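All of the numbers you see were taken from the coordinates with simple rules; none came from a lab. As the structure is a prediction and not an experimental result, all values here were calculated from the model. Note: ideal-geometry Cβ built from the backbone for every residue, glycine included; neighbour counts use all protein chains shown.
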Amino acid sequence: MLQGIISILSILTLAPMFAGLVNKLKAIFTGRIGAPILQPYFDLYRLLRKETINAGSSSFVSAISPVINLVAVVIAAAMLPIGLAHPVISFDGDIILFAYVLGLARFFQILAAMDIGSSFEGMGAAREAAFAIFAEPIFFFTLGSIAFMSGLTSIYDIYHSIRLDNVTYIIFIVVCSTSAFILAITECSRMPVDDPNTHLELTMIHEVMILDNSGVDLFLYQYSSYIKLFIYAILETSFFYPFGVKSYTVGIVIFVVVIAILSVTLAVVETVTARFKMKNIPQYLLFATAIGILNLLIYTFTK
Amino acid sequence: MELFFYAIVIQFLSVIVIGFLQDNRKASIVTHSLLAVGLLLGFIASFTPLVYSNFPTQNFYFFGIPNNLFRFDTLALYFLCIIQLVAIPLTLYSYPYFKHYIEKGKKVRSTLVFYTLMLVSTQLLVTSNHSILFLIFWEVMSLSAYLGMIFEKEKEEVQNGSFYYFVMSHIVVYLLFIFFFLLHHQTKSWLFSDFHLSPETGSLFIIAYALSLTAFGMKAGFMPFHFWLPRAHPIAPTVFSAFLSGIIIKTGIYGILRTFQFLNPTPEWLGWLMLAVSMISAIFGVWYALAQHDIKKLLAYHSVENIGIIGIGIGIGFIGSAYHSLPIQVLGFGGALLHTLNHAIFKSLLFMGSGVIYQNLGTRNIELMGGLVHRSKYFVMLFLIGSIAISGIPPLNGFISEFVIYNGFFITARVLKNYYPLIMLLSAVGLAFVGGLAVACFTKINSIMFLGSERKEVKHFNVSFYEYLSLGMLALLCIVIGFYPQPFIGIVNKVLTDGFVPATSSSELLNINWSYISLIFGLILFTFVLVYLWKRTFQKKYGRRTADAWGCGYKNLTPRMQYTASSFADELNEISKSVLVYHKNSKPSKKIFPPKEYFESHSEDLVDNKLVLRGYWKFNSVISKIEFLSYTDLRYYIAFILIILTLYSVIAFLWN
């Protein structure tokens, strides 16, 4: 339990830093100096002290949505193992709750976007809804496939059932982490699905949904999106623990190393790719699903 | 159990009372109060044995005389409870609903009679033990629903839609006749308690299943037979469409579960068939729903989806039965039963909500709504609770039953090994996909109907006390089952041990860590309140104001510039264009100063369009070949009858 509390607290504190790290690396790759790694913290602190401005036609949905977003994301984060630590929330079937709690966040995010009554937010909301439908199967094809093969249904147990002494499992991990990476890009609205730094409202997904928010509301949205990015990073890193060593220090070292590699990869991907056309994104996601199906094939052939 | 029959008598009394009361208003008051009292009594009568006695009385003693016509086993009691649970708020709701029409000067007495008959016959249907009695109540239920449906019979769409329902329910009855005769022929009994057929009977077993699944599946609205739902639900008065979607389609599920009790263990392929059909119903039901603009039609397609989810549970149960595996059956059938309860609750909530909107705005087209949240915040909250529940999102009840079904997938994969994990994984992905589509669909209707600003000016929007009360009751149930599912799980488990799973220790359902899940849901609520208060203090400190939305510097934003439902769903409809029969017609102009442009999009049902209507026209053209036999004079027909009778007797004579 103590380990769990420590891990959730570290997720809550480190999440903005991860985003800052990715941005810094991205700036370096594109030949700029870039903002300091701690910039997200400064941004959050600045937002906290700003006045909240709501759109004229907004309702109670706009008021509760940022809070629900943060709560849902924090609950989801509490289910994830960091290092070899046992998460706070862990029970048989929590993999389902994990996916559906993030669904709760999405539901209210979309509603809050539509609450503004502007077409910009509408476009973002429609895209979010459409792409989320294709993202959901990817999650089940990656983490779910291990769950179904091992017969375990708790995220902690699922990750701990992975053993790298088996060649098929290694192939499996490569495939899974690839599709989990694509999932992370989609769910966290990074390039090439969505450009977080664009300035044109028509081409955004996540950013345009929170276009008319400010102050504490925007703080909550931003903070939960940082946590969400970190959640998917943890999902990704968790594939790489089981080298047979069951020590916490090793777990944490692996965690830090993989997170570092992941941030470099994300930065590289964001540097070298351009954003896809909106109508090509479903194809891209179906491609990720197809990778997930590869898991199944591996499984059937090694049976 | 005698209390139940007194309750039924009290409910039925209102039919007689209406006969004596000429005044519509008085008739409505008396009927509704009698119904409310009767239903409440009936609920006490059915709820107490279900909860408190270990194995409720199997047979019914009518004043000391044993009687086989009715049987109160747990399955019957469970469905009885669901019916009454929906009927009580529905009756509260129907009072202001009919009052609205009475004020307009419409005669509602006959419709009230049909409403009462429908409630009474449905309650008797699930408790009857005799097949003929079952068929009679089935027919009374279907016909009273039909007669209630044609309340606004002067409209053409009402005539069309109700005709679909009428024809469909007669095909169902016809198939059920054959089904029950077949069972009678095999078991030499008319009683449900005596019906049993084992798979050794070979083809008879399969034929019986085929008949039952077709008939009950048609009533429930599984995918190839779903076409009547989106036709019949929108045109019925809300009271009827809520009951139709909440309860009457569930009698199909009841029938399938009963059939399973008669005919088990099921062969494995039947489980696969059920799973496949249900999966298709779930996915395409919700996909069709996404393309609809008519709120009630959309909800009707969602019924198809949810019936699909229930069917997935039943399919898992069938597979478990084929392998004689208790845990699989418990989770499969348990999920199906629980989802039946949940769907009855939130679907009637949503239908009643749509009825409130329809009565206030006079339209069912969601593109003409918007901004209702500024009219009635609490109504929107209630509708939102129903929407979250139906999308299967925690912490409400929809999640609980879907969670059980997911666990069914996991347990099937774990117990049966082999290639099962693969197929169960695909099923889980399918269910997750359905969940995603449901989120898209319900965010669409909630945001277009309630949020933003009014697309068409709303003259008045009143929600009466009774409407709030009935919607509130159902919303409360959604919350209670979501946060504290243990007692409901216990009841479902009791139903399973009594009627489905042969062994006694069927605790796979209870083994799920429900208290832990309740705890997490409590935690979600607690953190929500905490963060919300924290946010409020910050807003107090640094201020909060409203301003216009960002419009790229453009100031005169009008309500018509808001995002529409069709554009919201367009991206997804484009993908499934061929299956959905999704049309877009537009006349874009290329002039510099464009004149008025025109765009419309609508979707049609593949089965309805390509199979049913086309088949009907084919049939019609064949039948019209013998039109030359049609005369206006009655005497010709009498002559025809005589000729046919003579022919029959000659054949019969020669045969001997």
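The aspartates and glutamates whose alpha-carbon is closer than 17 Å to the alpha-carbon of residue A:24, local same-chain residues fewer than 8 away aside, are A:43, A:195, A:270.
Which residues in the stretch B:205-234 have a backbone N closer than 13 Å to a point placed 7 Å from the Cα of residue B:358 along the Cα-to-Cβ line? Inside the label zone: B:230-234. Counting other Cβ atoms within 10 Å as a rough exposure proxy, the listed residues A:159, B:288, B:631, B:554 run B:554, B:631, A:159, B:288 from fewest neighbours to most.
In whole Å, how far is the Cα centre of the stretch A:112-163 from that of the stretch B:1-46? First find each Cα centre; the distance between them is then 49 Å.
Once you've got the Cα coordinates, tell me which of A:279/B:610; B:153/B:456; B:297/B:347; A:277/B:584; B:188/B:219; B:99/B:297 are over 19 Å apart.
Values: A:279/B:610 29 Å; B:153/B:456 27 Å; B:297/B:347 13 Å; A:277/B:584 22 Å; B:188/B:219 27 Å; B:99/B:297 25 Å.
The pairs that break the limit, which is 19 Å between Cα atoms, are A:279/B:610; B:153/B:456; A:277/B:584; B:188/B:219; B:99/B:297.
Model label points for residue A:298 and residue A:178, set 7 angstrom from Cα along the Cα-to-Cβ axis, are 0.9 nm apart. Annotation: extensible slack from residue A:200 through residue A:261 equals 18.9 nm (criterion: 0.36 nm per residue apart, minus Cα-Cα distance).
Each residue, residue B:193 and residue B:525, gets one label point 7 Å from its Cα in the Cβ direction; the gap between the two is 4.2 nm.
Need the full-extension length gain, residue B:542 to residue B:200, defined as separation in residues times 0.36 nm minus the C-alpha distance. One decimal, nm. Write out the running numbers ahead of the final one.
Working: separation 342, 0.36 × 342 = 123.12 nm, distance 7.71 nm.
Length gained, residue B:542 through residue B:200: 115.4 nm.
Treat the count of other C-beta atoms within 10 Å as a stand-in for reagent exposure and order A:254, B:316, B:206 from fewest to most. All intermediate terms of the calculation are to be shown ahead of the outcome.
Numbers: A:254 19, B:316 31, B:206 15.
Lowest to highest Cβ neighbour count: B:206, A:254, B:316.
Think of chain A as a dipole: +1 on every Lys or Arg Cβ, -1 on every Asp or Glu Cβ, centred on the Cα centre; then among A:160, A:98, A:147, A:160 lies furthest on the positive end.
Summarised as an ellipsoid, the protein assembly as shown has semi-axes of 49, 34, 27 Å, derived from the eigenvalues of the Cα gyration tensor scaled by 5 and square-rooted, with the largest first. Counted by Cβ distance under 13 Å from residue A:222, the other residues give a net charge of 0, where Lys and Arg count +1 and Asp and Glu count -1.
When the dipole is taken about the Cα centre of the stretch B:449-586, and only Lys, Arg (+1) and Asp, Glu (-1) are charged at their Cβ, what size is it in debye, to the nearest 20? The partial results should precede the final answer.
On the way: 14 positive and 9 negative charges, 185 e Å.
For the stretch B:449-586, the charge dipole is close to 880 debye.
Paramagnetic label reach from residue B:627 (point 7 Å along Cα→Cβ; backbone nitrogen cut-off under 15 Å): within the stretch B:594-618, residues B:617-618. Would the stretch A:44-116 count as rounded, prolate or oblate if I go by the C-alpha gyration tensor, calling it rounded below 1.5 in a/c and otherwise prolate when a/b exceeds b/c, oblate otherwise? Since a/c reaches 1.5 but b/c is at least a/b, the shape of the stretch A:44-116 is classed as oblate.
For the residues B:540, B:610, what sequence is obtained by ranking on other C-beta atoms within 10 Å, fewest first?
Details: B:540 9, B:610 12.
Fewest to most other Cβ atoms nearby, the residues stand as B:540, B:610.
The coefficient of translational diffusion for the stretch B:272-333, derived via Stokes-Einstein from the alpha carbon Kirkwood radius under 37 °C and 0.692 mPa s, stands at 274 µm²/s.
Using R₀ = 25 Å, calculate the FRET efficiency as 1/(1 + (r/R₀)^6) where r is the Cβ-Cβ separation of residue A:29 and residue A:253; round to 0.05. Spell out each step's value before the answer.
Numbers: r = 25 Å, r/R0 = 1.02.
It comes to 0.45.
In plain terms, the chain from residue B:107 to residue B:552 could stretch by 154.8 nm, reckoned as 0.36 nm per residue minus the Cα-Cα distance.
Computed FRET efficiency, Cβ-Cβ of residue A:290 and residue B:365, R0 41 Å: what is it to the nearest 0.05?
According to the calculation, E is roughly 0.60.
Here the stretch B:338-464 is assigned +1 on the Cβ of each Lys and Arg and -1 on the Cβ of each Asp and Glu. Its dipole about the Cα centre then comes out at about 40 debye. When only the Cβ of Lys, Arg, Asp and Glu is charged (+1, +1, -1, -1), the dipole of the protein assembly as shown relative to its Cα centre reaches about 1600 debye. Binning the alpha carbon pair distances of chain B at 10 angstrom intervals from zero yields the distribution 3, 14, 25, 26, 18, 10, 4, 1, 0, 0, 0, expressed in whole percent. Computed over the Cα atoms of chain A, pair by distinct pair, the Kirkwood hydrodynamic radius stands at 19.8 angstrom. In this label model, residue A:6 and residue B:456 are separated by 6.3 nm, measuring between points 7 Å along each Cα→Cβ vector.
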